[in-house]
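The values are calculated or read from the model by the stated rules, or taken from the named source; none is laboratory data. Values in this document were obtained by computation on a predicted structure and should not be read as measured data. Cβ atoms come from the backbone with ideal geometry, glycine included; neighbour counts cover every protein chain shown. Areas reflect the complete protein model, heavy atoms only, side chains present, ligands, DNA and RNA absent. Shrake-Rupley method; radii C 1.70, N 1.55, O 1.52, S 1.80 Å.
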Amino acid sequence: MSLPLSSASAAPAAGELRALQERIHVLQGRRNRQGSYPVLPCFSNLLPGGLRGGAAYSLETPLSVAMALLAGPSANGEWCGAAGIPDFGAEAAAGFGVALERFVLVPDPGPDWLPAVSALADVLPILLVRPGGRVSPGDAARLGSRLRERGGTLLVLGPWPQSEGSLRVRGSRWEGLGEGYGHLRRHQVELEVSQRGRARTATVDLAAPGSLEREPLDHRAPGGVRPALARVPS
């Protein structure tokens with residue numbers, strides 16, 4: 001699905017975005033507000049309660065870690081999305097377990113970044129974003145209010161005012177790769193999350209399939225038809 005989000009085509013884009021919202025509402029049912037969203041087992045020590053609904057998290061991590069965080073809610077049947085991340089690779093995300101049939105990609109929201117993200121947050125329970133510039137505390141508070149109303153979770157690549165928690169990398173190690181050859185056996189990432197005055201650490205192996213697995217769920221659209229990945233290019 002093509003949906004140009006530029007100032008030159010703001011009116012058509014707004015109409016198509018509303019259509020996309022309605023389409024997702026029909027496919028997933030009207031939003032059931034919930035307290036949290038599950039994470040993959042490898043993140044359970046960092047986020048024992050999962051990702052809290054109505055909150056924003058600041059990620060100072062590689063994009064691969066963010067994709068793995070999306071995979072938990074996605075495997076649980078939630079719709080997810082990414083906005084403002086031109087280098088987001090759909091195939092890579094699928095490799096971590098993100099269901100592309102329930103995923104919306106907006107590589108470039110355009111100059112009106114915040115309104116576009118707010119509109120997406122209205123319908124997507126889990127949204128990963130990279131801000132196009134500095135976000136003021138006031139703008140963050142307004143978006144936070146919308147998240148609380150909808151029960152959604154915002155994952156932000158970079159700093160974010162009033163975040164529920166901050167996740168950062170303390171160290172990383174690769175095993176199995178030589179100088180341009182070899183098979184990757186391990187990609188161990190030491191992570192630390194600071195949340196409500198407490199810090200937790202854990203080591204995640206992003207190259208170990210077993211640590212990134214959840215029980216697969218068969219979430220189908222009405223009539224047994226799976227929706228396609230909705231890509232929203234610039």
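Taking every Cα-Cα distance in the stretch 22-162 and sorting them into 5 Å bins starting at zero, the pair-distance distribution P(r) comes out as 2, 10, 22, 26, 22, 14, 4, 0 percent.
With every protein chain in place and a 1.4 angstrom probe, the accessible-area ranking of Thr201, Thr153, Thr61, largest first, reads Thr201, Thr61, Thr153. Peptides 68-76, 97-105, 165-173, 39-47 ranked from most to least packed, by the mean per-residue count of other Cβ atoms within 10 Å: 68-76, 97-105, 39-47, 165-173. Per-atom-type breakdown for the stretch 35-124 gives carbon and sulfur 53% of the accessible area (1.4 Å probe, protein chains only). If you take all other residues with their beta carbon under 14 Å from the beta carbon of Arg130, and give Lys and Arg +1 and Asp and Glu -1, the sum is -2. Accessible surface ranking for Asp108, Asp87, Asp139, 1.4 angstrom probe, highest first: Asp87, Asp108, Asp139. Solvent exposure of the stretch 125-171 amounts to 45 Å² per residue of accessible area, where only protein heavy atoms count and the probe is 1.4 Å. Label positions at Glu60 and Glu149, each projected 7 Å from the Cα along the C-beta direction, are separated by 3.2 nm. Please work out the FRET efficiency for the pair Arg170 and Ser44, using the Cβ-Cβ distance as r and a Förster radius of 25 Å; give the result to the nearest 0.05. With R0 = 25 Å, the Cβ-Cβ based efficiency is 0.85. Other residues with beta-carbon under 14 Å from the beta-carbon of Asp139 carry, at +1 per Lys or Arg and -1 per Asp or Glu, a net charge of +2. The stretch between Ala202 and Asp139 holds 19.5 nm of extra length on full extension. This uses 0.36 nm per residue minus the Cα-Cα distance.
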